[in-house]
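Here is the structure we will look at.
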2 protein chains.
Amino acid sequence: MGIETFLTRPLAPALERGGRDDDVVMSTRIRLARNIDGVPFELKMSDSDQKAVLKAFEHAQTRRPNDVPELILFRMRDLSPLVRAVLVEKHLISPDLMEKEGGAVVLSDDEMVSVMLNEEDHVRLQVFRPGLDLSGAYALSSRIDDWLEETIDWAFDETLGYKTSCPTNTGTGMRASVMMHLPGLVMAKRIQALIPAIQKVGLTVRGVYGEGSEAEGGVFQISNQVTLGLSEGEILENLEGIVRQVIEHERMSREMLKQSLGVALEDRIFRSLGTLRYARSLSSKEALTRLSDVLLGVYLGYIEGLSAKKLSALWVSIRPGFLQYTAGKSLDAGARDMARARLLREALR
Amino acid sequence: MGIETFLTRPLAPALERGGRDDDVVMSTRIRLARNIDGVPFELKMSDSDQKAVLKAFEHAQTRRPNDVPELILFRMRDLSPLVRAVLVEKHLISPDLMEKEGGAVVLSDDEMVSVMLNEEDHVRLQVFRPGLDLSGAYALSSRIDDWLEETIDWAFDETLGYKTSCPTNTGTGMRASVMMHLPGLVMAKRIQALIPAIQKVGLTVRGVYGEGSEAEGGVFQISNQVTLGLSEGEILENLEGIVRQVIEHERMSREMLKQSLGVALEDRIFRSLGTLRYARSLSSKEALTRLSDVLLGVYLGYIEGLSAKKLSALWVSIRPGFLQYTAGKSLDAGARDMARARLLREALR
């Protein structure tokens, strides 16, 4: 299977099935950071060190058990900048890995698993699940971690735990994150008060799209900040508890908005649908805002006949890399806005 | 035929056929102001004077020639305020007549002719034509004037001409006006410079919709200011000359906008169509602006399958009186905005 397969579908097959609480939670991700004992860390790595990491992984591949999906390795140096950009847009690789010529990504066919090699850490193992599924994601990540550990010695300290390139990841090396669609809290202007409250309990909240702290399309990622001094189970329990509260707040906000705004909310949602179906030029920012409105409209029952999964896929397919890969050529900002509008018109027809 | 017939169709049958230059000129109107010799003018009229005017007209009706269409008389006092409001929205009566309990309107079935009785003058005879047709409108108005003159003596002064209630109408008593759709000149911001130039040659320009001088929906009425010291032929020639120039300026502006704005213009036009097809609440002002965009889109060839006449009819059917008459009940501003959006969605489906 070539890399093309991953570039022509905006939504991972693993995310297409509905997950738990997926009216609010778009997806769950567990990322484990691991480094190989005896191999220098990121900044001190030589070319042959990088090769050693890839070799270690390839050796493990020969002993892959049946309950770990087949994984295909792609070296960064074999991928064009545009292909790398698309992988970033799909969250399969980090912007950091995109720049590493000695790096590689290892993907499962359904995109449930993505392992980055020679990123900030030697191995960054990611597992994605639809909806809210921290335990499911963690179970598979542990299974893969166990398998790799059969042939690879991780750099590990009895007191600190897993050693990582950046000290903030040392400990469990685990970053658990939940991608949430919170249009109700944004529209009700309650998100500003909620973010510091979440941060106070040691979690991070950031907008997934858009620059800086302004979240475009109402999509936020909530993840654990601390990986040291707590067990994986405690981290996941803490995160899950907060996420459940945010889900409830979001659902209440949606209902309250429906009752208090009434036709004004319906009007806003349908105008967004009209714009997506008719505009000839759409910026990324506007498209995300309007997609968010329309997705809210689907969940509130205003809009029928449009699937939430189809809309979620559009979140990715309207991004600059994806648009240009689909067009088969480089597009300037104006041409991208036109291509984006065309894609949305056709997708939502 | 009852008044209902006139209230359920927004566009006059007389205007449904395409007229000359109707990509820019929506309609032409000639209005002749006449007063009956020996009957006191407006402010000095008694009830019996008003009755005498109606009687004189009814007497003339018995001698109507074949080339004047059948005319039906409706007394204001028999019409509800809402019905009167609809007639004003259709330009069949003036806001002034609406308030006159002793007034009446006389209409031809196709609404090409509307005679107001006991408005500011005893008789205000109006003829409407589609597109630019000053000579056609004038010919019919003269024909009706001649017919009425067979049984009625008009108040006439050999030096001044026809006497009228307000001195500004004295002379020919004629007001010729052309209703023009000028979205190109508005969008190109050339209308501001054009209006004073037109006023300098003795013509009046005013927005047809909206308050004050701000024309909503890009519709302007150009009419003669002076009725004294010029013959009817000179007035019409002068007006027609200017209107032809405005038509050319408007067409050039549209082409220039198409070339200079390109996709941005197409985008604006299609977004307006999307909003009209999807919004759940639309103010009169926004609806007119978006209808204007869409009509421009039809003329520029961007939008297919929508007829200009259908759009012109919507200009009237979205107005407050019409909406309430159609709904069969009084609607507050919020309910009207919803009814307007529903009507537009259904009409443009």
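The values are calculated or read from the model by the stated rules, or taken from the named source; none is laboratory data. These numbers come from a predicted model, not from an experiment. Cβ coordinates were reconstructed from backbone atoms using ideal geometry, including for glycine residues, and neighbour counts include every protein chain displayed. These accessible areas exclude ligands, DNA and RNA; they are computed on the full protein's heavy atoms, side chains included. Shrake-Rupley method; radii C 1.70, N 1.55, O 1.52, S 1.80 Å.
Quick notes
- Residues of segment A:277-322 whose accessible area (probe 1.4 Å, heavy atoms of protein chains only) drops by at least 30 Å² once all protein chains are present, relative to their chain alone: A:278, A:280, A:281.
- Within segment B:212-284: Cβ-based charge dipole about Cα centre, in debye rounded to nearest 20 (Lys, Arg +1; Asp, Glu -1): 620
- Helical content of the protein assembly as shown, expressed as a calculated mean residue ellipticity at 222 nm, amounts to -14500 deg cm²/dmol (DSSP H runs of 4 or more residues, -39,500 (n - 2.57) each, divided by residue number, nearest 500).
- Nitroxide proxy distance, nm - points 7 Å out along Cα→Cβ at residue B:332 and residue A:142: 6.0
- Chain A versus the axis that turns it onto chain B: the residue with the nearest Cβ and the distance in whole Å amount to A:274, 2.
- Per residue, the protein assembly as shown exposes 42 Å² of accessible surface when a 1.4 Å probe is rolled over the protein heavy atoms with every protein chain present.
- Over 30 Å (Cα to Cα) - which of B:189/B:309; B:51/B:90; B:55/B:310; A:258/B:285; A:310/B:310 fall in this group: B:55/B:310; A:310/B:310
- Accessible surface of the protein assembly as shown [probe 1.4 Å, protein heavy atoms]: carbon and sulfur percent: 50
- The charge dipole of chain A, taken about the Cα centre with unit charges on the Cβ atoms of Lys, Arg (+1) and Asp, Glu (-1), comes to about 1520 debye, rounded to the nearest 20.
- Simple rule: put +1 on each Lys or Arg Cβ and -1 on each Asp or Glu Cβ in segment B:262-348, find the dipole, and look at B:289, B:316, B:270; the Cα lying farthest toward the positive end is B:316.
- Residue A:51-residue A:77 pseudo-label distance in nm [points 7 Å out on the Cα-to-Cβ vector]: 0.9
- In this calculation the C-beta distance from residue A:101 to residue A:192 is compared with R0 = 56 Å, giving a FRET efficiency of 0.85.
- Fully extended contour minus Cα-Cα distance, from residue A:20 to residue A:252, at 0.36 nm per residue: 81.8 nm
- Taking the label point 7 Å along Cα→Cβ, residue B:17 and its counterparts in the other copies are spaced 6.9 nm apart, in ascending order.
- Segment B:262-348 - Rg over Rh from alpha carbon coordinates, Kirkwood radius: 0.99
- Alpha carbon convex hull of segment B:1-132, projected area averaged over orientations, nm²: 8.4
- More than 28 Å apart - percent of Cα-Cα pairs taken over segment A:4-253: 32
- Residues B:226, A:39, ordered by accessible area of protein heavy atoms at a 1.4 angstrom probe radius and largest first, appear as B:226, A:39.
- Kirkwood-type radius of segment B:57-128, with distances r between different C-alpha atoms, in Å: 12.3
- Between residue B:70 and residue B:342, the C-beta separation translates, for a Förster distance of 45 Å, into a calculated FRET efficiency of about 0.80.
- With K and R counted +1 and D and E -1, the other residues having a Cβ less than 15 Å from that of residue A:198 yield a net charge of +1.
- When the P(r) is computed for segment B:188-257, the part past 15 Å accounts for 57% of the Cα-Cα pairs.
- Accessible surface buried upon B-A contact (total; probe 1.4 Å; Å², nearest 100): 1500
- Qualifying trypsin sites (Lys or Arg not before Pro) in segment B:30-89, DSSP loop, other Cβ atoms within 10 Å at most 14: B:63
- Exam field: residue B:241 pseudo-label spacings to other copies (7 Å along Cα-Cβ), nanometres: 8.8
- 10 Å-binned pair-distance histogram of the protein assembly as shown (Cα, whole percent): 3, 13, 18, 16, 12, 10, 9, 7, 6, 4, 2, 0
- Rotationally averaged projected area of segment A:1-55 (alpha carbon convex hull; nm²): 6.7
- Calculated label separations, residue A:70, copies of the chain, 7 Å along the beta-carbon direction, nm: 8.4
- For segment B:107-176, taking Cα atoms only, Rg and Dmax work out to 12.5, 37 Å respectively.
- In terms of Cα atoms, the Rg and Dmax of segment A:230-284 work out to 18.3, 51 Å.
- Mean-position separation - Cα centroids, segment A:1-32 and segment B:251-326, in angstrom: 41
- Which of A:299, A:209, B:302 is most accessible, then next, and so on - probe 1.4 Å: A:299, B:302, A:209
- Neighbours of residue A:281, meaning other residues whose beta-carbon lies under 10 angstrom from its beta-carbon, give a summed charge of +2 when Lys and Arg score +1 and Asp and Glu score -1.
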